[in-house]
Each structure stands twice: as C-alpha cells, then as structure tokens.
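Beneath this line is the structure, given in structure tokens, with notes to follow.
The values are calculated or read from the model by the stated rules, or taken from the named source; none is laboratory data. Since the structure is predicted, the reported quantities are computational estimates derived from the model, not experimental observations. FYI the Cβ positions are ideal-geometry reconstructions off the backbone, even for glycines, and counts take in every protein chain you see.
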C-alpha cells in the first residue's frame, strides 16, 4: 500500500471516531481504519471520552440524551483536522444531524456545524480527501451492500468501489438491489424482528444470486445483521467490512464466524 | 374508517404469512420502482421539477386561506357549490344530503382516499344509497368488503385467482362455466358489469388530485377513464377533496402532473387527466346539471404552521410505498388505517392521534429511500423521528424499550463507567463465543437472536487495546 497526493495539511491530524459497534464487537475494523489512514499519511488519535454517536437515542425520540451525547462528542473531537468514522451511519449522524439538534442561537450549534464540516466516513475520506492509492492482492468474488445512511446522507457509493479496484484478484459483482436496505435500522431490527427478517432475507437472496461468496460493506450494523441471518439460514456467504479487506486483514474470521 | 393500527404487530405477522400478498409484493420493484427510475432518468429536468413541485405546495400551504377562497369564488362563478367540512361527520352528512336532494338510489364512485378516510360507503349504504366503486381495483375490493392496500393500486394485495373467485361469488347471474383464465376476461366482465351502473347512477362521486384556485376546476388522474364516466354521466357530480389539494394556477397543476405520474407508475402522463370546471352549460354536449365540491379539513388545518406541515405537500403518488422495505414486506393493510407506507406512518398519527398510531413511526428503518424519491421532497425520515420524539415525551413506548434505552443512555453519557462496563461484558462474551463466532441465543437480545445469530465480540474493546498500546497517543 502506498499513498499518492495528499491535500493540505500534508499530514492531517485525525480523530478516529471508532463507533460503538466497532469498539465493542469488532475492534479489527478500527485497527484497519488506523492502518489505512496512517498509510495514507495521516496522524491518527483516538479520544478516549467517546462512547457512541447517540443514534439509539436519536432514533428512539430521546432528544435530551441525544443532545448530551452530541455535546460530549463535539467536546472530545474539538481541534482535529478531520474526524473519521468507519461507518456511514455514525458519520452521517455527526455530519447531517448534530447541527439540527441545536437551535441557531445555541452556541453548541456553531460547534456542531464545525464538527460536521470536519467529519468524514472512512472510505470516502480515503478516496476523496486523502486520494489514497491502495494496492493489495486477494482473490475473491464479492458483492457490495451500500448501507443506507452512507449512501443517501453522505453520497458514499463510488469511493469503496474505486478503492477496492486496487485489490488484485478481487472481483466485484453488483446486485441490482445493492442500494436496498438490509432491514437492520438500529433498534428497528429488535422492535420489529419479523419484518426485519423478511427484509434481510431478500437482501441475502439477492446477494446469493450474484454468485459471490463474499459480501462487503462499510457499516458494521448492517454487516452483523446480514452475517447473523446468513449463518442462521445456512447461507454460505462471508461478510466483511471493506476497511479490513483494504488493509489486508483478510486472515481474520469473517463477521460472525468462529476460530474453531 | 376505524383504525387497527394498535394491532400493527399482529397485522404484520399475518401479512408476512399471507402467500398471495407476498407474491404480489414481490412485483412492486418491477412494476413501480424500476419504471419510476427510468422515467426520472428520461427527463433531464426531473430533479428541478421536484424542487418546483415542493415550492408550489409550500407556497400554497403558507397561503391556504387565500387560495381556498379564490377557488370557492371561481367554483360558484361556474355554477357550482362548495361545502366546507370540518371533519368526517360533516363531510358524510353533506354528501348524504346532496344525494337525498337528488333523490339518488345509486352513486358511482371513482377512486378517492378521502372517501375511505371518512368511511363514506358505509354511511351511504346505511342510508339506503348504494355506492358503486368503478376503479377496477376498488370494484374488486368493494366486492370483498376490503379496504385499499395501496394509494394507487388498491387491490395490489390480491392475485388473479382471488379476483376470479370473487367475481364468481358476486356475479351469480353469469354462467358458472364461463372461462375467466385470462386477466383480460376478468377485466371485460367487470367492464360489462360497470357499464350499466355508470348509466344508471344518479350521483357520481369523485376524488380530486388537485383543485385549481384560478379556475375553480378539479383535476382527476386515472388510467381507466372511470372518473370521466363517473363525473359526466350522472345528473349530479360531487368532488370530494381535502383542503391541501389546492394549487394556485393551471400552470402549477401541470408542473405537479409532470412529477405525479412519473413518480407513481413511471408513465409520463396517466392515461386520463381531466380538468372539470363547473356544471353543464347550455351548449355543453354532456355533463352534470349540478356540481358540488366537498372540502374536508379532517385535522389538516391543525398541522399548518407546525412541525409536521411538510407532510401536507403529499400528492399521493405512492412512490414512498413502492420504495419502502417495510411496506414491501407487509403491504398496506397491516398499517391499520387508510394510509400506509412512510406517508401513512407520518400522516396517520397526525390525523387520528399519536396514541392510536404509536406503532407506526417506529416501523421504519429510516433508510431514506422514501425521501430520495418523493416528488415533493417530504423529509419523511425526519418527520418519523419527530413522531418518535412525541411518543417518547408522552411515554408511549414499551416499558422494556424505555428501560433499555435509559440504561444505555446513562452509560453512554459517562465514558469512564461505560468503558468499565463494556470492557468486562465484551471480554466475557468474546470468550464464550470464541469457537462458534456468534450466539444462537442470548436472553437480553432475544429480538435479535429469534431469527439470526448475534456475531460475537472479538473480546477486548478497541479502546482498551488502543489504550494499552505504547506510544504518545492520548
């Protein structure tokens, strides 16, 4: 892996917003992100006062806790050149929704807007800002899941594909429903499990129909949902986060797979 | 209409087990979403038209009183009458009074969601007037005593065999041995049955896709021409519409028409677009001798100027239903009231109350596809979240959900405590599931593990590992 041209600052100081799921379920994605960002020439720091972006509260209508968590994140990530998250959903929360949480006159509004302007989803940051040039080699036939928030709130669509083009041997086979929701929806999947299952089954069927044995995506929530359902149904589909593949961390067990 | 939205969970379970429904929903994509995408791509100015359509509706909502009064003045100038109705009761009574005055025994109807909202058919029947639905889909579900399950495809939940069985049960005067194999033969049978009813009806009741203030016209859009027969053949035409259907000018109407059919079915125009103005003039070849417009508020005016005003921009194209993964899984009836899909989940709480419709705003993954295709750019995910905030404020969510959220938020607001707790829990879970890589069953995650494995944590959290790394990172 090497880096091509960088936008100024030459070696940006990045605050990694790990995201709660990556932090607790699959830290490897966080380390993949660090590896990719450092290889692209960035300095990565991880503020320890981070927990979650607040979406569980935000999407449940709990405005007070959402604002408290947002203020915490704004505080923890002050001063970085960029804030990068290995998730379109969490980056979308910081970028699109934090400013809306505060009234125009509230001093937190300006701070939220400042954070929003510095926040990026990992893969689009690597492609669009760092213009990272990724070189790797991994023979696999993969299909892609465009997670909803990254796609529709941040326009993450071509960037992961252009980065993956640097991995020799990796063939990407697009499913016609790549942009359709997987049925995760945060707390939706536990509040309306039957409907969620129906939706993820359609996703699995469409992925399987491509003939790919691997599904890649940039949001761990979706990937856990898809992998968990594939395993329950016995669908032979490996599920991995794109960052892990780009960072060459393909010797890890796939999401939901064991070591034994 | 009586709501069953409180039974949303049961309704949706039934829907998921309904094989013909599931088969029908499987065709949503090829029938609607693909065609909408092609139609949008063929028109370079489509996105700009969506902006214009949004702006027209916003302008109307900001000056609703002015345009409604202008509309009334122009209807009256064309020989018509406008009836202002606050709620369903007033609207039903108004329609019934007009029917009685006309000495009506039967009333033909073209598709109207407002008449569903006010349960007009039941009221007419109870008062000795037979309502006859003339849209093919509406005709089918009327025979089956069902309600529409989609804004523009009311019988989308049924397959051909079910329609055949319905016709055989209803049309007992026809030879039992007749061949109804082909969809065409079903269509022709309905057409023959309806032709007589069109000619006999005393009153014709239509909805209106738009009301035009500058001319006093109503606009109807159909693919079957049934609205035209409904409004021109009987002596009396009643158009019923809610107040937000008003647009200022003919030109505004055509702007909305350019996004309406494309968003709904992918057609450039529906087959029949009709502008009806006033009653029959002396030199007109046909038309009703009386023209009434029943304007329903039905809770809309209370939404003006509030946090949910944007949903009154809706032009009922159905695109948000067609693109919604939840609607695509359960269809329309599970939502339990007139309107389904994302717009239903936003509109229903506004019209019948959030306590009654508490299950609906949560029934969305917030995937955002509805907003991405809405021809008038209604921010549906934001409005769904706003309803969730109302529910939270009023304590309408389940105790378990509130407790879980409260506990999580308590920890998430205290990073040090959070680190300590998740650090321990993830180490234990990681060790438990190291071999299998996932959990088949976890007592505190039953909603998740009912139908899927829960991928197990790797073990030590990222932050714990990062903190342990040597180096100058903070």
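Only one of the listed residues (B:467, B:434, B:427) is surrounded by fewer than 21 Cβ atoms within 10 Å (Cβ to Cβ), in contact (Cβ under 8 Å) with a residue 24 or more places away in the chain and facing chain A (nearest Cβ under 7 Å). That residue is B:434. Only a single item in (1) under 27 Å from the mean Cα position of the chain (by Cα); (2) more than 7 Å from every other protein chain (Cβ to nearest Cβ); (3) touching a residue at least 12 places away in the same chain (Cβ under 8 Å) is not met by residue B:393, and it is number (3). The condition (being within 30 Å of residue A:13 (Cα to Cα) and surrounded by 12 or more Cβ atoms within 10 Å (Cβ to Cβ)) is satisfied by just one residue among B:455, B:415: B:415. Would you mind stating whether residue A:204 is within 25 Å of residue A:90 (Cβ to Cβ), outside the structural domain of residue A:31 (by TED's automatic domain parsing), in contact with a strand residue (DSSP E or B) (Cβ under 8 Å, 6 or more places away or on another chain) and modelled with pLDDT of 95 or more? Spelling it out, it is not the case that residue A:204 is within 25 Å of residue A:90 (Cβ to Cβ), outside the structural domain of residue A:31 (by TED's automatic domain parsing), in contact with a strand residue (DSSP E or B) (Cβ under 8 Å, 6 or more places away or on another chain) and modelled with pLDDT of 95 or more. Those helices (runs of 4 or more DSSP H) of region A:88-177 in which at least 1 residues are within 14 Å of chain B (Cβ to nearest Cβ), considering only elements entirely within it, cover A:88-92, A:98-101, A:148-154. Out of A:233, A:259, A:229, A:240, report the one residue that is in contact with a helix residue (DSSP H, G or I) (Cβ under 9 Å, 6 or more places away or on another chain) and farther than 13 Å from residue B:451 by Cα. Of the residues listed, the single one that is in contact with a helix residue (DSSP H, G or I) (Cβ under 9 Å, 6 or more places away or on another chain) and farther than 13 Å from residue B:451 by Cα is A:240. The set of residues in region A:75-103 that are in contact with a strand residue (DSSP E or B) (Cβ under 7 Å, 6 or more places away or on another chain) and surrounded by fewer than 20 Cβ atoms within 10 Å (Cβ to Cβ) contains only A:81. Does any residue of region B:27-50 turn out to be assigned to a helix (DSSP H, G or I), more than 23 Å from the chain's Cα centre (by Cα) and closer than 30 Å to residue B:288 by Cα? For region B:27-50, residues assigned to a helix (DSSP H, G or I), more than 23 Å from the chain's Cα centre (by Cα) and closer than 30 Å to residue B:288 by Cα: absent. Note on region A:30-59: among residues that are part of a helix (DSSP H, G or I) and at the interface with chain B (Cβ under 8 Å from one of its Cβ atoms), the one that is nearest to the chain's Cα centre (by Cα) is A:30.
Here the condition is being in contact with a helix residue (DSSP H, G or I) (Cβ under 9 Å, 6 or more places away or on another chain), loosely packed, with under 14 Cβ neighbours inside 10 Å and either in contact (Cβ under 8 Å) with a residue 40 or more places away in the chain or within 19 Å of residue B:257 (Cβ to Cβ) (or both); of B:50, B:36, B:42, it holds for B:42 alone.
Let's see how each residue does on (1) more than 17 Å from residue A:199 (Cβ to Cβ); (2) outside any helix (DSSP H, G or I):
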residue: B:291; (1), (2): yes, yes
residue: B:295; (1), (2): yes, yes
residue: B:311; (1), (2): yes, no
residue: B:315; (1), (2): yes, yes
residue: B:327; (1), (2): no, no
residue: B:346; (1), (2): yes, no
residue: B:350; (1), (2): yes, no
residue: B:357; (1), (2): yes, yes
residue: B:361; (1), (2): yes, yes
